[in-house]
Each structure stands twice: as structure tokens, then as C-alpha cells.
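Structure, as C-alpha cells:
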Ligand SMILES: CC(C)(COP(=O)(O)OP(=O)(O)OC[C@H]1O[C@@H](n2cnc3c(N)ncnc32)[C@H](O)[C@@H]1OP(=O)(O)O)[C@@H](O)C(=O)NCCC(=O)NCCS
């Protein structure tokens, strides 16, 4: 990915693997990531999935932004758990790329995320430029 994802760094998310259309990331859940019911905050699980999604669709020189995402939180996780998120691009066109992201704790599926990204087109030289 070009540039620095400061929010990913802030969360302590590690990139384990990344290639065009695929990424695997992980993080350990700390107390600061939990909510009032003692579970991992849904926003943290979402952010982890979003990080994997971003790595998969922004590989190399490619740049894309999310336009629609959805998530189902299937199982809870807690402080100390190590979660991984694996993004797989399942469709790519000229304009949009669609990814499935699975968030897991070991073999246990914690959340299922789907993200649609708009692919930013490289800027064309202005017709006024010389
Ligand atoms: C919403 C939810 C409770 C519905 O559960 P369900 O459809 O009945 O699913 P399951 O029967 O497979 O239960 C999944 C797990 O939820 C937890 N769970 C279910 N009912 C529970 C209850 N009454 N109290 C506490 N935990 C419960 C258990 O950990 C359970 O795992 P187990 O069966 O291995 O013990 C479950 O999907 C869930 O906990 N999702 C995660 C929610 C989440 O983390 N949201 C973001 C932060 S609020």
C-alpha cells in the first residue's frame, strides 16, 4: 500500500501478508478495545476487517476507497484474543472491486465483512498543461 495508514498503526494491526486482491492482518485485543459488556468493541472488529480490505484493494500503486461495506458479528471475542482478518477480492471491474473479509480467532469465525471499493483512476494530464 502506498503511504501510511496511521489508524492501522494506532490500533496495533500487523500486516501478515498482502498481494493484489488478498491480505491477511492481525491484532491482539487489549482492554482498550473492549466495550461495557466485556467483549471486543464492534468498531474494533470492523476496523480490523477494514484494514484487511484496504490492503487488498490498495496494493502497489493501486488506490481505492470504500463506498459500501457490511458486517455481521457472529461470535464474541475478549481481551487477550488474537484476531486475524483475511480479505479476498471476489470481483474486479474497471470501476469497482468487491471483497469478502473473514475475521477469525483461530478456527472460529468471529465476523464476516463485505466491502465494495471504488477504484481511483490515475489522474490524466490536463489538456491545458504543456
Ligand atoms: C449475537 C449472538 C449472541 C447471537 O448468537 P447466536 O446466533 O445464538 O449464535 P451462537 O449460538 O453460535 O452463539 C455464539 C456465541 O455467542 C455467545 N453467546 C450466545 N448467547 C449468549 C448469551 N446469552 N450471553 C453471552 N454470550 C452469548 C457465546 O460465546 C456463543 O458461543 P458458544 O456457543 O461457543 O458458547 C452472537 O452472534 C454473538 O455474540 N455475536 C458477536 C456480537 C459482537 O461481538 N458484537 C460486537 C460487539 S457488541
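Every number in this text was worked out from the coordinates using simple rules, so none of it is lab data. These numbers were taken from a predicted model, which means no experiment stands behind them. Every residue, glycine among them, receives a Cβ derived from its backbone with ideal geometry; neighbour counts consider all protein chains shown.
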Considering only the range 16-43, how many residues are more than 15 Å from residue 5 (Cβ to Cβ), buried (at least 19 other Cβ atoms within 10 Å of the Cβ) and touching a helix residue (DSSP H, G or I) at 6+ places or on another chain (Cβ under 6 Å)? 2
Is at least one residue of the range 90-99 touching a residue at least 40 places away in the same chain (Cβ under 8 Å), in contact with a helix residue (DSSP H, G or I) (Cβ under 7 Å, 6 or more places away or on another chain) and within 23 Å of residue 120 (Cα to Cα)? yes
Unique residue being in a loop (DSSP other than H, G, I, E, B) and either touching a strand residue (DSSP E or B) at 6+ places or on another chain (Cβ under 7 Å) or surrounded by 13 or more Cβ atoms within 10 Å (Cβ to Cβ) (or both) when the list is 67, 78: 78
So residue 39 fits all but one of (1) touching a residue at least 40 places away in the same chain (Cβ under 8 Å); (2) within 16 Å of the ligand (Cβ to nearest atom); what number is the exception? (1)
Within the range 82-97, of all residues that are surrounded by fewer than 17 Cβ atoms within 10 Å (Cβ to Cβ) and touching a strand residue (DSSP E or B) at 6+ places or on another chain (Cβ under 7 Å), the one nearest to residue 32 (Cα to Cα) is 82
Restricting the range 76-117 to residues that are more than 23 Å from residue 20 (Cα to Cα) and more than 14 Å from the ligand (Cβ to nearest atom), which is farthest from the chain's Cα centre (by Cα)? 80
